[in-house]
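A.B. asks: Before I ask anything, let me first share the structure, which is written out below as structure tokens.
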Amino acid sequence: MLFNSLSFVVFLVIVLALYYLKLFSWTGKKRMLLLASYVFYGLWNPPLVILLWISTVVDWTAGKKLAVEENQKKRKMWLMLSMFVNLGFLAFFKYGDFILENFVALMNAFGVDFQARPMDIILPMGISFYTFQTMSYTIDMYKRKIEPARTFLDFALYVTFFPQLVAGPIVRAKELISQFYEEKKATTNQFIWGLFLLTIGLFQKVVMADTLLADTSDTVFGAGKILNGVDAWIGTIAFSGQIFFDFAGYSTCAIGIALMLGIILPDNFRYPYASLGFSDLWKRWHISLSSWLKDYLYIPLGGNRHGITRMYVALMLTMFLGGLWHGAAWTFIVWGGLHGTYLILERLQQQYLPFKITKWNGIFLAFITFSCVNITWVFFRAREFETAWNMIKSMFYLNQDGAKILQSFDIMKVSIVISLLFLCHWIMRNTSMKEVSLKTPTWVLGVVWAIMFFLIVIAQGSGEQFIYFQF
Amino acid sequence: MQLKQSLIIAVTIGFLSVTAWELYWRSQGHHPNIDDNKNLWANQRAKLENSQENTVAIIGSSRILYDLQLDIWKTETNTDPVMLATQGASPIPVFKDIVDNTDFSGTLLVGVTPPLLFATTYPEAEFMKRSQTLVDYYYNRTYAQRINHKLSVPLQKSLAFIRDGDENWDSDVDLKTLLKNLNPDERGGPIYPPFNNFEDITLERHMKMTKRMENDTAYANTVKKVWTAILSGDHPPPDKDGTIAAFSELAKKFKARGGNLILIRCPSSGLFQMVESKGFPREAFWNVLVEQSGAKAYNYLDYPQFQNLFLPEWSHLALKDAQFFTRELIKIMKSDGALTNYNTN
């Protein structure tokens, strides 16, 4: 089920009514939320709920055993079971065809005439999100960082909680499970603020991403020809804006919906396009994934504890795998690799060419960072390397006779939207929406809210899926 | 910050703005209507899974969709028509789906619009892809999508600004389309004039042309401009042999299991008729298709009563003439014994 759909409006109203009517005890409400979460997921493809159940049961069992088991060998075995099941799901459902394709290519490269039919496996929505979430529980249990969930119901709800089930934020057990122990009820202000966040999230998705930016990006990346530099840049920054509004919109909706239930989810984006460098970027973009990768991949790989070379290797590996997490294609790996390279270059700059960031050079540095990020989006969005490479060449004006495919109005529209996005991130980078809203007159907030609602209604949207559902 | 007051202001202004928006579009001549989309098509396609003896399936493109009036068909033949014609598309993918994936063996009417049917069998071509997308959607639609459709129907029936179409030509009052039409220029290639809506369809896909298209010549001319732009563009040559071979193979399979296949060439006029008669001469295209498929066939050119019908935008019949065309066609087919499963009760 999509947040930007009529069925979700009805679903949410029913869930909120059942949650706030005095029909159930707290345990009954949690059961209702769990059932609602399965319905939310199952209305897309009912049989795939079974994967959620398997993941839940395996990690619950592993967590329970890890809580009492003292034998280190056995503890490791329980951890391995969890990893095997979750990563096995990912390997089969998400990377099956990719692995097969590359195996065939490798065989052919060695002169072995081997062909295999693609397996055409359906990709379960949000599999990368919920497998990472459940694995974090077992790993933390293994490291004795957290207490086991008190009941199976609490754990199952942690794995399946519908607001963040299919596209995050990827929440750690200690942040969410403990919230289920005591009865939760949003205060009036929390409820209204949650509704406001839901409106902002839908506005970002339906109006900004789908209505204002998606067509330009799709036209440019689907053109199938060599483009003029202006068109290549506009298509790229349109995608840059689209993916931010799409994904941040989902996260904002998720945080708002959870808040309407009295549950607090962590921030997933903090104005990333005004980042001052790439370390800063990864503290602001998809925060729940970058902190997951840091805690469960980069640090176990050695982090910065074994010298500079090992640190760079760990960084690159983390970013390569972070790229692969997004999709089963080499273009995603290159995207991750570029970000890894940026991070290494940034550390070298800090070591050999340090300079102080002031309010004068800050916006310039943020603009450079944003421009470099845009270059990486080309690899993220392009389906093939040929498209990506042609786009990059066009962006650096190496294709003098490239085709002009965008109308002047589209160029102006995207330029204005992305300039405003950048400036807005710059202005907001050291504050939060909540802080700004506290300083905003009541009537202004009401009018802004009404404008967003009106634009969502007249944009209508066509129920476009969120981009990150495929990851 | 007084969030409660902000919410009250937002709800009040939001409600007033949406009401004003609705009234504005009504004042511009827009009325609530259902959009022809993949959900309507999939619901009709589902009927073929349990088709009755008297089910008649109709495939083709927009001409047969507009020109065959389902209410008249129902009363005149006592059969149950399932309308699967697809606007702007080749019928071949739908025919293939019916032949390969159903055991339907009743009467299948195929509307032949030469520039679409004889264009290509290449799956990625626009005319093929559009039909195939509908077939794929039928098999892949989720329960959530079914519910969304059910919930959108009352909104479409009540509000003029609500649109739920899949194609560019369906949406003329949503924000994206309004922005697109704001200030077009030719930097990115030629600009097509806006394709104004002229469809009035029911949930059963009974299509009627709107009164505005019949009565407002200037409005009809806007659509003629679109056709002129499309027809004068560069198009690859038709794949006559490939399309006829693909169609005939499916026809053979369908007839072998007892299906009754009927080809219908609906009227066209003006520039369309000129382009079709020159680019798709009857002897080289229609006659060969009829011969190789072995189907019963009806071409409007053979009947004097179909010569002077009113097609406001050259391609589709005005409602009254569509009703006449349907009645007359049924009469002709009945007298030929072409309709094998119609019920006289």
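Read-outs throughout are calculated quantities, based only on the coordinates presented, and are distinct from any laboratory measurement. In this text, all values refer to a predicted model and were calculated from it rather than measured experimentally. Methodologically, a virtual Cβ is constructed for each residue, glycine included, from the backbone with ideal geometry; neighbour enumeration extends over all protein chains shown.
A.B. asks: Mind giving me the nanometre distance, one decimal, between the label points for A:W443 and B:L16, set 7 Å out from Cα along Cα→Cβ?
C.D. replies: It works out to 1.1 nm between the two label points.
A.B. asks: If you don't mind, there's one more thing I want to ask. Please give the contour-minus-distance gain from A:T27 to A:M428: 0.36 nm per residue of separation, less the Cα-Cα distance, rounded to one decimal in nm.
C.D. replies: Roughly 140.4 nm would be gained on extension.
A.B. asks: Next up: Just list whichever of B:K208/B:K253; A:K145/A:K185; B:K74/B:K225 have alpha carbons separated by over 31 Å in the model shown.
C.D. replies: In this structure, B:K208/B:K253; B:K74/B:K225 exceed 31 Å between Cα atoms.
A.B. asks: Hey, another quick one. State, as an integer percentage, the relative contact order of chain A based on alpha-carbon contacts under 8 Å between residues 6 or more apart.
C.D. replies: About 19 percent, as a whole number.
A.B. asks: Need the full-extension length gain, A:F396 to A:I368, defined as separation in residues times 0.36 nm minus the C-alpha distance. One decimal, nm.
C.D. replies: 8.6 nm
A.B. asks: Using Cα atoms only, what is the angle between the long axis of helix B:270-279 and the major principal axis of chain B, expressed in degrees (0 to 90) to the nearest 10?
C.D. replies: So the helix axis and the longest Cα principal axis differ by about 50 degrees.
A.B. asks: Tell me the relative contact order for the stretch A:96-199 as a rounded percent, counting alpha carbon contacts under 8 Å between residues six or more apart.
C.D. replies: Relative contact order of the stretch A:96-199: 25 percent.
A.B. asks: Under 20 Å Cα-Cα from B:K320, which aspartates and glutamates qualify once same-chain neighbours fewer than 8 residues away are excluded?
C.D. replies: B:D67, B:D71, B:E76, B:E199, B:D200, B:E204, B:E214, B:D216, B:E328
A.B. asks: Moving to a separate point now. Cα centroids of the stretch A:205-228 and the stretch B:115-145: how far apart, whole angstrom?
C.D. replies: So the separation of the two Cα centres works out to 22 Å.
A.B. asks: I've got another one for you. Short version: ³J(HN,Hα) in whole Hz for each residue of the stretch A:224-240, in order, from phi by Karplus 6.51 cos²θ - 1.76 cosθ + 1.60 (θ = phi - 60°), x for Gly and Pro, what are they?
C.D. replies: Running phi through 6.51 cos²θ - 1.76 cosθ + 1.60 with θ = phi - 60° gives x, 9, 6, 10, 5, x, 4, 4, 5, 5, 5, x, 5, 5, 5, 5, 4 Hz.
A.B. asks: Residue by residue, what Karplus-based ³J(HN,Hα) values in Hz, rounded to whole numbers, does the stretch A:282-290 have, using 6.51, -1.76 and 1.60 with θ = phi - 60° and x for Gly and Pro?
C.D. replies: 6, 8, 10, 9, 6, 4, 5, 6, 5
A.B. asks: List the chymotrypsin sites (Phe, Trp or Tyr not before Pro) in the stretch A:345-428 that DSSP assigns to loop (not H, G, I, E or B) and whose Cβ has at most 14 other Cβ atoms within 10 Å. Which are they?
C.D. replies: Of the chymotrypsin sites (Phe, Trp or Tyr not before Pro), the ones in loops of the stretch A:345-428 whose Cβ has at most 14 other Cβ atoms within 10 Å are A:F355, A:F396, A:Y397.
A.B. asks: Modelled label-to-label distance, A:K143 and B:T75, 7 Å Cα→beta-carbon offset: nm?
C.D. replies: 7.6 nm
A.B. asks: Could you pull out the trypsin sites (Lys or Arg not before Pro) across the stretch B:209-317 that fall in loop regions by DSSP (anything but H, G, I, E, B) with no more than 11 other Cβ atoms inside 10 Å?
C.D. replies: For trypsin sites (Lys or Arg not before Pro) across the stretch B:209-317 that sit outside H, G, I, E and B with at most 11 neighbouring Cβ atoms in 10 Å, the list reads B:R257.
A.B. asks: Compute the orientation-averaged projected area for chain A from the convex hull of its Cα atoms and round it to one decimal in nm².
C.D. replies: 26.0 nm²
A.B. asks: Something else now. Just grab the label-to-label distance for B:I332 and B:D100, each label 7 Å out from Cα along the Cβ direction, in nm (one decimal).
C.D. replies: 3.3 nm
A.B. asks: Oh, and also: Expressed as a rounded percentage, what relative contact order does the stretch A:6-185 have, with Cα pairs under 8 Å and six or more residues apart?
C.D. replies: Relative contact order of the stretch A:6-185: 29 percent.
A.B. asks: Considering only chain B, what is the antiparallel percent among its DSSP beta bridges, to the nearest 5?
C.D. replies: For chain B, the DSSP antiparallel bridge percentage is about 20.
A.B. asks: Mind giving me the FRET efficiency for B:D234 and B:L301? R0 is 35 Å, r the Cβ-Cβ distance, nearest 0.05 is fine.
C.D. replies: 0.80
A.B. asks: Percent of alpha carbon pairs in the stretch A:148-292 separated by more than 28 Å?
C.D. replies: Roughly 31 percent, rounded to a whole number.
A.B. asks: Is there a simple number for the mean count of other chain Cβ atoms within 10 Å of the Cβ of residues in A:183-190, and what is it?
C.D. replies: Mean inter-chain Cβ contacts per residue within 10 Å come to 1.
A.B. asks: Search the structure for amide H atoms under 5 Å from the amide H of B:V56, placed 1.01 Å from N in the peptide plane, and list their residues when 5 or more places away or on another chain.
C.D. replies: Excluding prolines and chain starts, which carry no amide H, the hits are B:D80, B:V82.
A.B. asks: Rounded to the nearest 0.05, what FRET efficiency is calculated for B:R26 and A:K225 with R0 set to 45 Å and r the Cβ-Cβ distance?
C.D. replies: Calculated value: 0.55.
A.B. asks: Still on this structure, please answer the following. If you average the C-alpha positions of the stretch A:438-460 and of the stretch B:283-345 separately, how far apart do those two centres end up, in angstrom?
C.D. replies: Using only Cα atoms, the two centres lie 55 Å from each other.
A.B. asks: Which loop trypsin sites (Lys or Arg not before Pro) in the stretch A:350-445, with loop taken from DSSP, have no more than 12 other Cβ atoms within 10 angstrom of their Cβ?
C.D. replies: When the trypsin sites (Lys or Arg not before Pro) of the stretch A:350-445 are filtered for loop state and at most 12 Cβ neighbours within 10 Å, A:K356, A:R383 remain.
A.B. asks: Apply 1/(1 + (r/R0)^6) to the Cβ-Cβ distance of A:K185 and A:N45, taking R0 = 35 Å, and write down the FRET efficiency to the nearest 0.05.
C.D. replies: Working from the Cβ atoms, E equals 0.60.
A.B. asks: Taking the alpha-carbon distance from A:K143 and a cut-off under 27 Å, which lysines remain once sequence neighbours fewer than 8 residues away in the same chain are dropped?
C.D. replies: Filter leaves A:K64, A:K65, A:K73, A:K74, A:K76, A:K174, A:K283, A:K294.
A.B. asks: Something else now. Can you give the longest run of chain A that contains no GluC sites (Glu not before Pro) sitting in a DSSP loop with at most 14 other Cβ atoms inside 10 Å?
C.D. replies: The reported range is A:184-383.
A.B. asks: If you don't mind, there's one more thing I want to ask. In the neighborhood of A:K65, defined by Cβ-to-Cβ distances under 10 Å, what is the net charge if each Lys or Arg adds +1 and each Asp or Glu adds -1?
C.D. replies: Once all neighbours under 10 Å are counted, the net charge is +2.
A.B. asks: Next question, about the same structure. To the nearest Å, what is the center-to-center distance of the stretch B:1-36 and the stretch A:283-352, using C-alpha atoms only?
C.D. replies: Spelled out, the Cα-based centre of one part sits 47 Å from the other.
A.B. asks: Based on a Kirkwood Rh over C-alpha pairs, give the Stokes-Einstein translational diffusion coefficient of the protein assembly as shown at 37 °C and viscosity 0.692 mPa s in µm²/s.
C.D. replies: D, rounded to a whole number, is 110 µm²/s.
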